[in-house]
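Read the structure below first, then the notes.
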Amino acid sequence: MSRTQSILIWAILIAIVLAHVALWRSSMPAGAKLSFTVLNAVGWAIVLGPIWIIPRWLDAIRARNAEADTGPAAEPSDPDQPPSNRDNNSTST
């Protein structure tokens, strides 16, 4: 996520919190305040959830596809061990 996107998301989150504080400081009945708070929180979760989840999902898909293209990451070889004959198809008879 770019720096600009991060700043934008933080600005939106701060504005949401400030709006909730203003709502709770108003003279509305407490039941109405609670209803509006829950409705607002659910609405923003629906809007902001995909913004947060989709890039992570896409990174996981890209990593899976890159691994499928190149194979799993090779483990570093131990210099103290002799090379294996896994790839050598010759047999000793």
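The modelled label-to-label distance for the pair Thr70/Leu8, using points 7 Å beyond Cα in the direction of Cβ, is 3.0 nm. Calculation over all alpha carbon pairs of segment 3-68 in 10 angstrom steps from 0 returns a P(r) of 18, 34, 25, 14, 7, 2 percent.
Rule-based calculations on the coordinates, nothing more; no lab input. Just so we're clear, the structure is a prediction, and the values are computed from it rather than from any experiment. So basically every Cβ, Gly included, is an ideal-geometry build from the backbone, and we count neighbours across all protein chains shown.
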